[in-house]
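Each remark here refers to the structure printed beneath this line.
The values are calculated or read from the model by the stated rules, or taken from the named source; none is laboratory data. Treat the numbers as computed from the prediction; the structure is a model and nothing was measured. Note: ideal-geometry Cβ built from the backbone for every residue, glycine included; neighbour counts use all protein chains shown. Only protein heavy atoms, including side chains, enter the accessible area calculation; ligands, DNA and RNA are left aside. Shrake-Rupley method; radii C 1.70, N 1.55, O 1.52, S 1.80 Å.
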Amino acid sequence: RKRPSYMPPKIPKHPLQDVELNMNEVLTYSDMKLRWQWTTRFSTSRMTIARHWKPMRTEFPRNKPTCAFVWHKDMPHRTPQPELPDPEHFERIKKQELFCVFKSSVYHQHKVTVGDIVQAERLHRRDAGEKVVFGTVLLVGSKDFTILGKPTVPYAKVKATVEQQTLTKEMLAFWYKPRRKQSHFYRRRQHVTMLRIDEIILTPDEDPADPPPPKPTRLLDLWANRWLDPAEKEGIEMIEGADGELIPKVAQIYDGSEHQPGSYHRRGLTSCYRYWPDPAATHWRI
């Protein structure tokens, strides 16, 4: 049998760029883009797509976070539930013993109640004894009700105390290349933060928006790898601002706004930590 001669891959044509060609004799696609130019397999009989393209999700503008408040006595329910209970029950839901599921990083979720100890990813620039707040709460529940976040509960927050900044135990990894006499043992310890859950708060009658973060007094506070010591801040030159308050002189050049998304969040300058899929999160990675 004679081997088929080499045939280059068939290329989808663009109806606006290849005007001189007969469009009835070439292949076109709905997106009208040259996406599969070199991703089709060589074939003499048929054309097969080697790469499956997934459309990008449209998430901008992001939807307002919402939730569903469900009384256990009303289950099973067959209709959409409201975001909030009646205002007369606000004080009742605040006094109950709660549990919740919150996020301490982009990837990690924790189901906690008051008094639990949580091992979380390292929180930068935090010392033992400091108070932290997490705002990405996915679910809140008690013996009487459950609040399901869609994707988060906007009026729920978790307050915690940093107990310790420490390292995990050693994790061994063995790497080798067969038949080459090459191998290595790696001993790795992960930086973690130990948290104690102090309070799970519900504020359905307050504005869930976060206040703006305080601006640092020096650029080094924002860009350095550590906070400046009090002795290092004594020489900061202060001037009188437009409203009569003392501001650092460097504010005339730079107002302390974020030089890149998520810089305040990573350094713990925001009022609470928020992570994806919270619409109020500043950056998906940190």
Original post:
Among the listed pairs LYS111/LYS169; LYS103/LYS150; LYS64/LYS111; LYS94/LYS150; LYS95/LYS131; LYS103/LYS131, which are separated by more than 19 Å between their Cα atoms?
Top reply: LYS111/LYS169; LYS64/LYS111; LYS94/LYS150; LYS95/LYS131
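Sort 147-157, 167-177, 260-270 by packing, meaning the average of other beta carbons within 10 Å per residue, with the highest value first. Don't skip to the answer; put the middle values down first.
On the way: 147-157: 21.8, 167-177: 9.2, 260-270: 16.8.
Ranking the peptides 147-157, 167-177, 260-270 by packing returns 147-157, 260-270, 167-177.
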Original post:
Taking a probe of 1.4 angstrom, what is the accessible area of ILE117 in Å², to the nearest 10?
Top reply: 90
Subject >> For the stretch 156-169, Karplus couplings with θ = phi - 60° (6.51, -1.76, 1.60), whole Hz, Gly/Pro x >> reply: 10, 9, 10, 9, 9, 10, 6, 7, 6, 10, 9, 10, 6, 5
Original post:
Is any residue of the stretch 182-205 close enough, with backbone N under 17 Å, to a label point placed 7 angstrom from the Cα of LEU172 along the Cα-Cβ axis, and if so, which?
Top reply: 183-190
**OP:** Any chance you could run the full-extension gain for THR161 through GLU121? It's 0.36 nm times the residue separation minus the Cα-Cα distance, nm to one decimal.
**Re:** 13.0 nm
